[in-house]
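The values are calculated or read from the model by the stated rules, or taken from the named source; none is laboratory data. Note that the structure is a prediction, hence the values are computed from the model and not measured. When we count neighbours, we look across all protein chains shown, and the Cβ atoms used for this are built from the backbone with ideal geometry, even at glycine.
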């Protein structure tokens with residue numbers, strides 16, 4: 001069976017299991033809403049400075065809420081030792097990783113696309129202007145976050161303090177794409193189109209995504225089997 | 001060619017050798033019972049044979065090939081300590097998933113067939129988290145046998161099984177042996193294992209203390225091997 | 001014998017530093033910044049040593065994954081710890097400079113910010129090691145993480161530099177050029193820092209290898 005078909009089987013399995021229990025996605029939504037609420041108390045939405053910070057605030061919400069989903073990624077394979085069965089099956093580590101990353105990406109995007117209107121309402125931010133470009137930034141930024149979160153989920157699945165280690169390891173590495181996503185998002189919701197000096201951030205996002213997807217696909221077998 | 005060949009395998013934790021120069025063989029169609037005290041290294045060795053971990057030194061060959069090669073993985077069936085099926089999916093969904101991963105031509109049909117053979121056809125669409133313990137164990141067996149593996153690697157399979165599950169497993173293992181499949185099984189439950197075994201290997205502190213055919217003395221007095229070849 | 005070489009290198013490094021400090025103290029004060037400008041003689045060499053450490057860590061990690069030789073794992077952790085210490089020195093000297101010149105202990109200058117993020121990456125590597133008991137697994141996972149982390153270093157430096165050019169803020173060492181006749185002190189300090197870094201790395205390496213032996217003996221004892 002082709003590599004992509006195997007990855008699809010894994011992605012479908014993860015999505016089906018998640019949609020049945022809704023553990024990760026419910027806690028992620030709830031967490032996102034709570035942080036958005038807290039931000040509304042912390043920052044006055046009519047201040048111009050808050051409008052400028054919109055991109056930053058939004059991506060902080062996405063990063064934190066996203067971690068809840070990404071942590072579950074390989075953790076869901078632990079009960080009953082399911083990870084053993086997946087490693088033993090004739091599926092390459094890369095296909096397993098890709099399938100999980102795709103499932104995670106879909107879940108993370110779902111949380112983000114629902115948080116966006118809520119954020120728009122709470123903070124009086126016009127996210128619908130330049131929506132296609134905003135969607136592009138969301139996709140690129142979320143894919144970078146997902147790839148790193150998924151591979152580190154595999155790395156931390158069996159170690160002590162897993163829930164704490166995952167954010168501690170992923171956030172520093174994600175600083176460049178998060179920074180780029182924040183800059184681009186702030187500009188886009190304020191109505192500024194992507195200009196030559198901000199296009200660099202798109203390149204950073206794309207570069208980061210490509211490099212780390214490749215490195216992850218290459219190293220996942222080492223993480224799973226050693 | 002042996003079905004399973006362990007050739008000078010060492011396993012290190014840091015510098016400490018948990019397995020030292022293991023040399024074992026299982027001919028096709030034989031059943032090797034791997035016995036030993038807790039901590040002797042049975043699970044470690046079995047997991048290396050199955051390809052979950054790499055040995056520090058030495059090699060494992062399954063029908064002449066590495067365990068991690070795709071073709072080899074398709075011919076190995078493994079039952080570990082966990083049942084390795086998903087609680088949130090149904091029995092049928094679980095087996096169809098593994099059927100798809102093992103490239104079976106008709107995952108649905110194979111899944112239903114094995115649910116019948118393990119007595120789970122009635123609850124095919126039930127979620128695994130609602131199953132009783134015995135049912136979960138039988139599903140684990142169905143998962144391991146689903147893709148008709150040529151080599152079965154079982155880590156203490158009879159531990160914590162109820163009587164019905166033991167009977168099902170023994171029947172399936174006997175059928176497998178009749179079909180010429182090879183079994184390597186680690187065990188504490190000497191009697192059930194020795195009844196099926198054609199050969200016995202004993203591990204003591206990471207080394208092979210005994211490796212030979214299973215004799216009638218062993219079956220009638222399982223403690224015999226420990227007394228004769230073990231330490232203390 | 002090995003000890004003697006280490007002591008000799010240490011003595012050389014110390015001598016270079018003392019000579020440089022005495023020499024630098026006698027240099028005239030810089031026009032715009034005054035005496036505090038001289039902190040650059042330490043701040044920059046320390047940073048360069050730290051970045052060298054991350055490159056060595058990356059290479060050591062790759063070599064461990066390829067050869068499974070624990071020497072490379074020991075090297076990776078030794079060099080990362082040394083890098084962590086040197087980056088901390090970099091952050092502290094930068095902070096002191098900022099306090100004197102700008103009156104603030106911290107400003108989001110591109111280089112200092114990059115140093116902070118890199119420091120977090122090194123710290124993450126060490127935290128990961130602490131969370132894994134079993135030596136082979138620890139070495140493998142740490143090596144994988146360090147590949148991810150140290151590939152990020154150039155991306156981080158570039159991104160933060162770009163971020164700062166878009167939002168200009170006080171820049172350290174802005175304006176003026178570095179007087180040519182001060183270069184020798186700078187270069188000698190560079191050598192001294194690299195020597196010190198090397199000595200610390202070797203010492204830590206040896207300690208790591210002793211630790212491994214202890215670990216082995218402990219497991220051996222427990223198995224009896």
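Here residue B:53 meets each of (1) within 14 Å of residue B:8 (Cβ to Cβ); (2) within 12 Å of chain A (Cβ to nearest Cβ) with one exception, condition (1).
Quick check: anything in the range A:36-58 assigned to a helix (DSSP H, G or I), modelled with pLDDT of 90 or more and more than 22 Å from residue A:118 (Cα to Cα)? No, because not a single residue in the range A:36-58 is assigned to a helix (DSSP H, G or I), modelled with pLDDT of 90 or more and more than 22 Å from residue A:118 (Cα to Cα). It is to be established whether one or more residues within the range C:5-15 are assigned to a strand (DSSP E or B), touching a residue at least 40 places away in the same chain (Cβ under 8 Å) and either over 25 Å from the mean Cα position of the chain (by Cα) or surrounded by 15 or more Cβ atoms within 10 Å (Cβ to Cβ) (or both). No, the range C:5-15 contains no residue that is assigned to a strand (DSSP E or B), touching a residue at least 40 places away in the same chain (Cβ under 8 Å) and either over 25 Å from the mean Cα position of the chain (by Cα) or surrounded by 15 or more Cβ atoms within 10 Å (Cβ to Cβ) (or both).
When the range A:181-201 is filtered for residues that are in contact (Cβ under 8 Å) with a residue 40 or more places away in the chain and crowded, with 18+ Cβ neighbours inside 10 Å, the ones remaining, listed by number, are A:181, A:182, A:183, A:184, A:185, A:186, A:187, A:188, A:189. Remark: pairs (first residue in the range A:78-94, at the interface with chain B (Cβ under 7 Å from one of its Cβ atoms); second residue surrounded by fewer than 20 Cβ atoms within 10 Å (Cβ to Cβ) and assigned to a helix (DSSP H, G or I); Cβ separation under 7 Å; 6+ apart in sequence or on different chains) = A:87/A:224; A:87/A:225; A:90/B:70; A:90/B:74.
Take residue A:211 and decide whether it is surrounded by fewer than 19 Cβ atoms within 10 Å (Cβ to Cβ), assigned to a helix (DSSP H, G or I) and without any contact (Cβ under 8 Å) to a residue 24 or more places away in the chain. First the steps, then the outcome.
Values: surrounded by fewer than 19 Cβ atoms within 10 Å (Cβ to Cβ): yes; assigned to a helix (DSSP H, G or I): yes; without any contact (Cβ under 8 Å) to a residue 24 or more places away in the chain: yes.
Against the criterion (surrounded by fewer than 19 Cβ atoms within 10 Å (Cβ to Cβ), assigned to a helix (DSSP H, G or I) and without any contact (Cβ under 8 Å) to a residue 24 or more places away in the chain), residue A:211 qualifies.
Restricting the range B:56-83 to residues that are at the interface with chain A (Cβ under 10 Å from one of its Cβ atoms), in contact with a strand residue (DSSP E or B) (Cβ under 9 Å, 6 or more places away or on another chain) and touching a residue at least 60 places away in the same chain (Cβ under 8 Å), the residue that is farthest from residue B:43 (Cα to Cα) is B:75. Every test in (1) within 19 Å of residue A:163 (Cα to Cα); (2) buried (at least 24 other Cβ atoms within 10 Å of the Cβ); (3) more than 7 Å from every other protein chain (Cβ to nearest Cβ) is passed by residue C:129 save one, and that test is (2). Among residues belonging to the range A:159-179 that are without any contact (Cβ under 8 Å) to a residue 60 or more places away in the chain and more than 7 Å from every other protein chain (Cβ to nearest Cβ), point out the one that is surrounded by the most Cβ atoms within 10 Å (Cβ to Cβ). Restricting to residues being without any contact (Cβ under 8 Å) to a residue 60 or more places away in the chain and more than 7 Å from every other protein chain (Cβ to nearest Cβ), the top hit is A:177. Exactly one residue out of B:105, B:28 is surrounded by fewer than 23 Cβ atoms within 10 Å (Cβ to Cβ) and either within 16 Å of the chain's Cα centre (by Cα) or touching a residue at least 40 places away in the same chain (Cβ under 8 Å) (or both): that is B:28. Where strands (runs of 3 or more DSSP E) fall wholly inside the range B:144-213, no range has 2 or more residues that are farther than 22 Å from residue B:118 by Cα, within 15 Å of the chain's Cα centre (by Cα) and within 14 Å of chain C (Cβ to nearest Cβ).
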